[in-house]
Structure formats: C-alpha cells, structure tokens
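These notes are about the structure you will find just below.
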Amino acid sequence: MTQADAAAALSVWVALESPTNHPAGVNGMMDLVASEVAGLPIAVERIAGRDGLGDMVLLRAGRENGQPGVALMSHLDTVHPVGTSDKDLPVRVEGDRLYGPGVYDMKGGAWLALQAFKAVAKAGTAKRPMAFLFTPDEEIGSPTSRGLIEEIGRGSAAVLVTEPARAGGRIVTARKGVGRFDVRLEGRPAHAGSRHADGRSAIREAAHQILAVEAMTDYARGITTSVALMGGGTAANVIPQHAWFSVDCRVTTLADGTMMENRILSLKAHDPDVAIRVTGGMNRPPYEKSPAVAALFEQARGVAAKVGFDLQDCPMTGGGSDGNFTAALGVPTLDGLGIDGDGAHTLQEYGLISSIAPRQGLIKGLLETI
C-alpha cells in the first residue's frame, strides 16, 4: 500500500466523528473494524455498550497453543464534538500531514495496528494467540472497558497500546497515575446586603480548599494537583450556599497514589459551618518502567532496527492510558506505538503519513516475535 493509499484509507476513519458521548459514531467505527476483517481468519466478538456509551469489538487470531497471548489495545472514541470536521478541523492532506479530529489520538494508531494484525493473521506467522481490543471510552477513563482490558491483560505475555507516538516517534514505557476527585461544599445562604453576617459562603470555603489542593503539588516527587473546573452560587446578592470543584492529581508511584488519595479524600472544612463532601479516587494506577517493560522495549528496538529505524522511548509522561491498567498488573506493556504527529485534543491535530508504514512494520514484527 502506498502512502497515498494509506492516507486515503485512514481518512475514512477520521471523517467518521466519534466523540465518547456519541455512541452512534463510536459504533460506526466499530462497524468499520468488523468490516475490515470480514472473511479473514479472525474471530470477531462484539460487546454491547452500556451506560450510554458505545460497543467494544474484540478480535482474536493466531495460534491457540495454550500460551499466554499478545494483546493490542486501541480506543476509537475521541474528544472532538460532532461537527468539528465540518468547520474547525477538516480532514485534509497537507504535505506529509493528515489533519482531522482524532487522527493522532488515536485513530491513526488503531488503523495502522489493524493492518499489521490482519497481515499476521492472514500469514499465520504469530507465535502466540493474538487479541485486539477496540474500546469506546478511554477519553473519559475507560469506565465500561477497564474490566475487559484487565481480563485480557492477565492472560497476555505482553500488551501493545497504540496511543500516539511522542515527539520524533518515541514510544512510552512509563506513565503517571491519574486521580480524579469531586469536591462539593454547602454553606448557609443569606441576603448579601441586609443579612451578610448570617451567611456562610460555600465559595469562600472553596477558595480555601482550592489553594490547599494546589499546594499539594510536589514537582520533586512528580506529584501534581490542579483544579480546572469549578462553580457555585445562585445570584449576585446571595451569600452562596453551594460550590463545587474538580481535582486532577498525577503521581509516579502506587504509594504516592495511595497517599494523595487519602489526603484529598480527607479534606476538612476551614469554616466549621460549611459542610464538605469529597468523592473520587485514583482512576489509573501509575505505569512504571519495570525490568520486564525494559526488556520488552529492547526487543522492540531490535524489531525496529530490522524495519529500518532507531526506536527510542521517552521519560515518564504525565498523561494516562489503558496501558496504565495492564502495566499495574505486572504485564509487560509498551505504549505510544501509534502514529507520529502532534496536536492531540486541539484543532491543529495531525498525523505524519510517512510514519504509518514503519510503525505498522514495528507492530507486525512484535506480533510475530513476542
């Protein structure tokens, strides 16, 4: 397949918009996957979506020899709302760049990995059973797919995740753990003019708590906390009874994840007349570069050298992925195996067309040698 052919085929995937909250679009993507493997020696299992989210598709192929398998994992949901490709980010080719919503994160990686999976399945060259899971909800923390991700991971000798490559084609061998929390405050309303002293401001309390949460950031330990969403109040002349804010927490170790979860869940009100309720927890455990991950990376470097490029990894990245779940189980996991490019979650998102063939070759070689 030429670069132009690959770009044209991938453009079909990118043009079908599939934000997480649009199950019709996500299921349309699952239909494309199923249609691509029709008639091939690949078993297709479709798992119905739940909780208002899209379906999952699980492909199986390769030798059923009783050995642990090798698993590929891709998500087909994106963050861009329906209509993005009509106006703000049209699907187009400009030189080596293919632009479009979700092309980098991560339809490019999902598409090229599927081509590698199909090639190995048709040739019968896999050493192990192969599984390929396509999920509908990674962008919101994988609430409906995490159980199956972990189940497949436990039965695998290695997991390959097709999130996008980092700058220069680097792959990911470590990610921070991610925590998400919701803080709700309830004070006492009062007229802001005539009964100001009778009120207990939930927003004032939120201000104290937000400063306390932000102060938990410890760059030396790789811990960050941030508040990016907040709200409260009812009217300009009322002492606010209610307020809320969300907390994002990133950590590098399981121990720090436990520690930070306890700290945030244990927040105490500055004003005893304001009630505080904190919910949430660590959503994704840290993905650490264990000796087993390091060994798998060296194997991947050897495969890449045969394909014709020098594969490098990057320092621990702050973003989470489904690779966090499998790595935390002790399963050797490589991530960032998808398309190279830039602009994830922005209106300048693009994938490098020239990176498709070598990345596809890398995944094919891994499926054949792991």
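The values are calculated or read from the model by the stated rules, or taken from the named source; none is laboratory data. None of the values given here were measured: they were computed from a predicted structure. FYI the Cβ positions are ideal-geometry reconstructions off the backbone, even for glycines, and counts take in every protein chain you see. Quick note on the areas: whole protein, heavy atoms, side chains included, nothing else; ligands and nucleic acids left out. Shrake-Rupley method; radii C 1.70, N 1.55, O 1.52, S 1.80 Å.
The table below lists the values:
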| quantity | calculated |
| --- | --- |
| The stretch 1-17: number of residues that are open to solvent by 10 Å² or more (accessible area, probe 1.4 Å) and β-branched (Val, Ile, Thr) | 2 |
| Among the residues listed as Val33, Val37, Val44, Val79, the single one being closer than 22 Å to Gly147 by Cβ, touching a residue at least 40 places away in the same chain (Cβ under 8 Å) and of a type in the set (Val, Ile, Thr) | Val33 |
| Which numbered condition Ala206 misses (of (1) open to solvent by less than 10 Å² (accessible area, probe 1.4 Å); (2) among the aliphatic types (A, V, I, L, M); (3) free of Cβ contacts under 8 Å to residues at least 60 places away in the same chain; (4) under 30 Å from Pro315 (Cβ atoms)) | (4) |
| Residue in the stretch 146-153 that is over 30 Å from Gly232 (Cα atoms), in contact with an Asp or Glu (Cβ under 7 Å, 6 or more places away or on another chain) and outside any helix (DSSP H, G or I) present | no |
| Selection within the stretch 308-342 - in contact (Cβ under 8 Å) with a residue 24 or more places away in the chain, out of contact with any Ser or Thr (no Cβ under 9 Å at 6 or more places or on another chain) and open to solvent by 10 Å² or more (accessible area, probe 1.4 Å) | Gly308, Phe309, Gln312, Pro315, Thr317, Gly319, Gly320, Ala328, Leu329, Asp342 |
| Neighbours by Cβ (under 6 Å, 6+ apart or cross-chain): first from the stretch 149-175, within 17 Å of Gly320 (Cβ to Cβ); second open to solvent by 40 Å² or more (accessible area, probe 1.4 Å) and charged (D, E, K, R) | Thr173/Lys289; Ala174/Glu288; Ala174/Lys289 |
| The stretch 1-17, residues that are part of a loop (DSSP other than H, G, I, E, B) and over 20 Å from the mean Cα position of the chain (by Cα) | Met1, Thr2 |
| Elements of type strands (runs of 3 or more DSSP E) contained in the stretch 18-119, each with 3 or more residues being out of contact with any Gly (no Cβ under 9 Å at 6 or more places or on another chain), open to solvent by 20 Å² or more (accessible area, probe 1.4 Å) and closer than 23 Å to Leu367 by Cβ | 43-47 |
| Pairs, first in contact (Cβ under 8 Å) with a residue 24 or more places away in the chain in the stretch 1-19, second open to solvent by 60 Å² or more (accessible area, probe 1.4 Å) and of a type in the set (Val, Ile, Thr), C-beta under 6 Å, six or more apart | Ala7/Val93; Glu17/Val82 |
| Those residues of the stretch 188-213 which are in a strand (DSSP E or B) and of a type in the set (D, E, K, R), in sequence order | Arg188, Arg200 |
| Whichever residue in the stretch 156-174 is under 14 Å from the mean Cα position of the chain (by Cα) and assigned to a loop (DSSP other than H, G, I, E, B) and, among such residues, is farthest from Thr135 (Cα to Cα) | Ala174 |
| Any hit, the stretch 179-187, residues being open to solvent by 10 Å² or more (accessible area, probe 1.4 Å), in contact with a helix residue (DSSP H, G or I) (Cβ under 9 Å, 6 or more places away or on another chain), closer than 30 Å to Ala43 by Cβ and not in a helix (DSSP H, G or I) | no |
| Flag for Gly351 being in contact with a Lys or Arg (Cβ under 7 Å, 6 or more places away or on another chain), outside any helix (DSSP H, G or I) and at pLDDT 95 or above | no |
| Residue check for Gly319: at pLDDT below 95 and assigned to a loop (DSSP other than H, G, I, E, B) | yes |
| Whichever residue in the stretch 276-299 is of a type in the set (A, V, I, L, M) and in a strand (DSSP E or B) and, among such residues, is nearest to the chain's Cα centre (by Cα) | Met282 |
| Every pair of residues 6+ apart whose Cβ atoms lie under 6 Å, when the first sits in the stretch 275-287 and is over 11 Å from Val183 (Cβ atoms) while the second is open to solvent by less than 50 Å² (accessible area, probe 1.4 Å) and hydroxyl-bearing (Ser, Thr, Tyr) | Pro286/Thr252; Pro286/Thr253 |
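This table checks each residue for (1) modelled with pLDDT of 95 or more; (2) open to solvent by 50 Å² or more (accessible area, probe 1.4 Å); (3) within 18 Å of Arg277 (Cα to Cα).
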{"residue": "Ala202", "(1), (2), (3)": "yes, no, yes"}
{"residue": "Ile210", "(1), (2), (3)": "yes, no, yes"}
{"residue": "Val213", "(1), (2), (3)": "yes, no, yes"}
{"residue": "Thr217", "(1), (2), (3)": "yes, no, no"}
{"residue": "Ala220", "(1), (2), (3)": "yes, yes, no"}
{"residue": "Gly233", "(1), (2), (3)": "yes, no, yes"}
{"residue": "Asn237", "(1), (2), (3)": "yes, yes, no"}
{"residue": "Pro240", "(1), (2), (3)": "yes, no, yes"}
{"residue": "Val247", "(1), (2), (3)": "yes, no, yes"}
